[in-house]
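Asker: I have a structure I would like to understand better, so I am pasting it below and will then ask my questions one at a time.
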Amino acid sequence: MGEVGPAAARNLRTSESSGGVCFTAWKCECAKMRKVVLITGASSGIGLALCKRLLAEDDELHLCLACRNRNKAEAVRASLLASHPTAEVTIVQVDISNLQSVFRASKELKQRFQRLDCIYLNAGIMPNPQLNIKALFFGLFSRKVIHMFSTAEGLLTQGDKITADGLQEVFETNVFGHFILIRELEPLLCHSDSPSQLIWTSSRNARKSNFSLEDFQHSKGKEPYSSSKYATDLLSVALNRNFNQQGLYSNVVCPGTALTNLTYGILPPFIWTLLMPAILLLRFFANAFTLTPYNGTEALVWLFHQKPESLNPLIKYLSATTGFGRNYIMTQKVNVLTLLH
């Protein structure tokens, strides 16, 4: 556990003032120390819904919102505390696509906390998505129509640009910035006596065919989002190989197709509204249409309640929703073995 609650701190000060530390009382309070959960991209979409769900289940958590826009983060913090006044909710300002910002935030977190129990590596971008109308039309009349709608395979291309760090923006935001954050926070994460957990927001759209070790930033391709999510899957497996013995475990999840700022970048909200009857019908055949951020967090919340050491590092956990609106978890094998041998 990473942080001492206010009551524990008060009891410690009281016992000190009376001539010594009452170790029995202190030990009892330590058992109640709050778990510390860091969530990147916590001010909207999946990240915001995740905050709400985690606190609804356990308002004794300490949530640390890692957000680029501090004003949005402050508004989210106020809203969460209004609903859960006994919770601890703090903010660290960080732009994952800027390494200096990542270094500053990491330094601040190491000054605040002794450990982190869980990091949700959730922040991500899909800039300037373009829908391939031709691929959509032909896909409608193919045998893979359900697969196409479930994964968006071949349907989306994106623009990309170079960041101030000289990296491709999608790669740095979705993968590399988070990787640097993890490495900087190793002292808070690696405790063999009590495991810590990394949970990456990946995608069903993570395609091995869109990833190349020779062009791992996908600077020459047109599907950087898919490539970055496959790189995330690959990195998660590699992190497990290198850090499991130090008490750090990593898993990947897919929230499905939920209506967030990211999906509204593909089609405007009114188009999604017009398509909703067809999507609700399609959900009887394609369980990837979680549609709401709340539904999309199903797998992310489920993973938080599991023992990290008991999970399969080669499995991706998928949020799914039935045609009748029931949420459940599916699993999918991560196809990374040939690249890691």
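Asker: Within the range 205-218, can one find any residue that is modelled with pLDDT of 95 or more, closer than 22 Å to Ile39 by Cα and buried (at least 17 other Cβ atoms within 10 Å of the Cβ)?
Answerer: For the range 205-218, residues modelled with pLDDT of 95 or more, closer than 22 Å to Ile39 by Cα and buried (at least 17 other Cβ atoms within 10 Å of the Cβ): absent.
Asker: Restricting to the range 247-267, and then to whatever is open to solvent by 50 Å² or more (accessible area, probe 1.4 Å) and of a type outside the set (A, V, I, L, M), can you tell me which residue is nearest to the chain's Cα centre (by Cα)?
Answerer: Asn261
Asker: Within the range 123-130, does at least one residue satisfy the condition of being within 30 Å of Gly221 (Cα to Cα), open to solvent by 10 Å² or more (accessible area, probe 1.4 Å), modelled with pLDDT under 95 and in contact with a Phe, Trp or Tyr (Cβ under 6 Å, 6 or more places away or on another chain)?
Answerer: Yes, because at least one residue in the range 123-130 is within 30 Å of Gly221 (Cα to Cα), open to solvent by 10 Å² or more (accessible area, probe 1.4 Å), modelled with pLDDT under 95 and in contact with a Phe, Trp or Tyr (Cβ under 6 Å, 6 or more places away or on another chain).
Asker: For the range 287-308, check the following and say yes or no: at least one residue is surrounded by fewer than 20 Cβ atoms within 10 Å (Cβ to Cβ), in a helix (DSSP H, G or I) and free of Cβ contacts under 8 Å to residues at least 24 places away in the same chain.
Answerer: no
Asker: Now, a different point. What's the number of the only condition in (1) open to solvent by 30 Å² or more (accessible area, probe 1.4 Å); (2) among the charged types (D, E, K, R); (3) modelled with pLDDT of 95 or more; (4) part of a helix (DSSP H, G or I) that Lys27 fails to meet?
Answerer: (3)
Asker: Which numbered condition in (1) surrounded by fewer than 15 Cβ atoms within 10 Å (Cβ to Cβ); (2) assigned to a helix (DSSP H, G or I); (3) in contact (Cβ under 8 Å) with a residue 24 or more places away in the chain is the only one that Ala82 fails?
Answerer: (3)
Asker: Still on this structure: Condition (residue is modelled with pLDDT of 95 or more and farther than 18 Å from Asn205 by Cβ) applied to the range 136-143: is it met by at least one residue?
Answerer: no
The values are calculated or read from the model by the stated rules, or taken from the named source; none is laboratory data. The structure displayed is predicted, hence computed values, not measured ones. FYI the Cβ positions are ideal-geometry reconstructions off the backbone, even for glycines, and counts take in every protein chain you see. What goes into the accessible areas is simple: the full protein's heavy atoms, side chains included, and nothing from ligands, DNA or RNA. Shrake-Rupley method; radii C 1.70, N 1.55, O 1.52, S 1.80 Å.
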